[in-house]
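The values are calculated or read from the model by the stated rules, or taken from the named source; none is laboratory data. For clarity, every value in this text was computed on a predicted model and none was experimentally measured. With ideal geometry, Cβ positions are generated from the backbone for all residues, glycine too; neighbour counts draw on all protein chains shown. The accessibility values were calculated without ligands, DNA or RNA, using every heavy atom of the protein model including side chains. Shrake-Rupley method; radii C 1.70, N 1.55, O 1.52, S 1.80 Å.
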Amino acid sequence: TNCSSEEVIERVISAKCDAGFCVVDQVPSELASVRLRTVNYVVLAPMAFAEALGKAGWRDVAAMPWISPPPRSHVRTIQNAMFANQGVTPNVVIECDHLAAIEGMVRSGLGLALMREDAATLMAASNDFVIWSHTTMTSQLQFVFRASEESNASTIGMISVLRSCWEK
């Protein structure tokens, strides 16, 4: 199923799932993980915001309209931390959890969004978007499982298959 990183962690801890993929920096102590890769996030804005962003500080960017994922999303957690580190709160005007819809809303000028750098770079190449170069946020894509299951044959098998597929 498709669910937030927080939900994946909750389901694995409660044994509703054996394992799962999530984007987090730290996993709870009852879980073990295999770090798969670093995931970078950048601020993506409509091209109409390019001039204002060129001279914007954190307070200015926070005051701009933001399109944000729901509170339980890992991207929202990263976004909240990004602004909290600067002592400001973003002006969230729309909540949306569908990437294509967020892309469309940013393109149409409704606001800014935190996006994966790889996706944002492709979008910015179309000249419909601009990336605010002042910050990049980093997190980790991880495969998580219950630490108590670490020596089980099925867990060892899952990790082995994962590593053989991931490292290709």
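The criterion of at least 2 residues that are open to solvent by 40 Å² or more (accessible area, probe 1.4 Å) is met by the following strands (runs of 3 or more DSSP E) wholly inside segment 41-152: 91-95, 129-146. In this structure, is C3 farther than 30 Å from R107 by Cα, open to solvent by 30 Å² or more (accessible area, probe 1.4 Å) and not basic (K, R)? For C3, the condition - farther than 30 Å from R107 by Cα, open to solvent by 30 Å² or more (accessible area, probe 1.4 Å) and not basic (K, R) - is not met.
Residue pairs whose Cβ atoms lie under 6 Å apart, separated by 6 or more positions or on different chains, with the first residue in segment 121-142 and in contact (Cβ under 8 Å) with a residue 40 or more places away in the chain and the second aromatic (F, W, Y), are M123/F129; M137/Y41. Taken over segment 6-40, the criterion of being in a loop (DSSP other than H, G, I, E, B) and β-branched (V, I, T) is satisfied by V24, V27. Looking across segment 6-38, the residues that are surrounded by fewer than 17 Cβ atoms within 10 Å (Cβ to Cβ) and among the aliphatic types (A, V, I, L, M) come down to I13, A15, V34, L36.
Pairs meeting the criteria (first residue in segment 4-20 and farther than 16 Å from R76 by Cα and free of Cβ contacts under 8 Å to residues at least 40 places away in the same chain, second residue in a helix (DSSP H, G or I) and open to solvent by 60 Å² or more (accessible area, probe 1.4 Å), beta carbons under 7 Å, at least 6 apart or on different chains) are C17/R11. Filtered by the rule that a residue be over 20 Å from S5 (Cα atoms) and among the aliphatic types (A, V, I, L, M), segment 131-161 gives I131, A153, I156, V161.
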